[in-house]
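Chemist: Sharing a structure, written as structure tokens. Questions coming.
The values are calculated or read from the model by the stated rules, or taken from the named source; none is laboratory data. Note that the coordinates shown come from a computational prediction; the quantities given were computed from them, not determined experimentally. Here the Cβ positions follow ideal geometry from the backbone for every residue, glycine too, while neighbour counts run over all protein chains shown. All accessible areas refer to the heavy atoms of the entire protein, side chains included, with ligands and DNA or RNA removed. Shrake-Rupley method; radii C 1.70, N 1.55, O 1.52, S 1.80 Å.
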Amino acid sequence: MLAALAGLVAAGLVAQAEHQVAPALIVFTETNCYGPCPAYRFAIFPEDEYAMCGFAHVDSPGVTPGTLPEGAFAAAADLVLKSGLLNEPSIVPGIFACSRVYTDQSSMRVEAIFEDGSAREFEWYIGCYLRNGLPHPISVRAGEFRAAMHTLIGYETRVQSEATRDAVTPDDLFRTSRSEASCPIPYPVTRTLEEE
């Protein structure tokens, strides 16, 4: 799996100058949309542990801790840094790069907290397009990053399976079990795992 991710980075993502300090935490978030989009925050820790907080349309709502394969954190940090997205301005409604907005889409956000305490983030509203209707070039890169992150976190087994996606009814579309603010990520995750 990790070798395949390295291939995705090499093939599709543009390398940028890396941050001078190593990451201490990677957090990947996707928000609600008008539909069965999963809304969740997925934190990956240096010990290759994770904590997922599911807000809506996920297999396990609430906080779910666990362990990823060995080397997953290093792969996630490499993916985040080499994508160069933390060096780019966010693509969100209200900026020139998002002059045509398709509503009811979800957002993707990646955050990195570094060992020196600094933090950087990049957000992409998936419904953002240029005035001519084409996606912004950074949006293309963000989409490739999102697909690679889905592979890394085991999206179809940890976030949303086909059965969960197919079980959503029209009444469920605006129902959210939690919000980001009400669902903090526990750290260290090992303590949560030991309590189970």
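Chemist: So which residues in the stretch 133-150 are in contact (Cβ under 8 Å) with a residue 24 or more places away in the chain and more than 11 Å from the chain's Cα centre (by Cα)? First the steps, then the outcome.
Modeler: Filtering the stretch 133-150 for residues in contact (Cβ under 8 Å) with a residue 24 or more places away in the chain gives 133, 136, 138-139, 141-142, 144-149.
The answer is Gly133, His136, Ile138, Ser139, Arg141, Glu144.
Chemist: Sticking with this structure for a sec: Could you list, in sequence order, the residues of the stretch 86-114 that are of a type in the set (Lys, Arg) and within 22 Å of His150 (Cα to Cα)? Walk me through how you get there before you give the answer.
Modeler: Narrowing the stretch 86-114 to residues of a type in the set (Lys, Arg): 100, 109.
If the condition is that a residue be of a type in the set (Lys, Arg) and within 22 Å of His150 (Cα to Cα), then Arg109 is the only one that fits.
Chemist: Output the residue which, of all residues in the stretch 127-143 that are among the hydrophobic types (A, V, I, L, M, F, W, C) and open to solvent by less than 70 Å² (accessible area, probe 1.4 Å), is modelled with the highest pLDDT.
Modeler: Taking the candidates together, the pick is Ala142.
Chemist: A further question on this structure: Being surrounded by fewer than 19 Cβ atoms within 10 Å (Cβ to Cβ) and at pLDDT 90 or above: is that true of Ala24 here?
Modeler: So Ala24 fits the description; yes.
Chemist: Which ones in the stretch 98-126 are crowded, with 18+ Cβ neighbours inside 10 Å and more than 16 Å from the chain's Cα centre (by Cα)?
Modeler: Cys98
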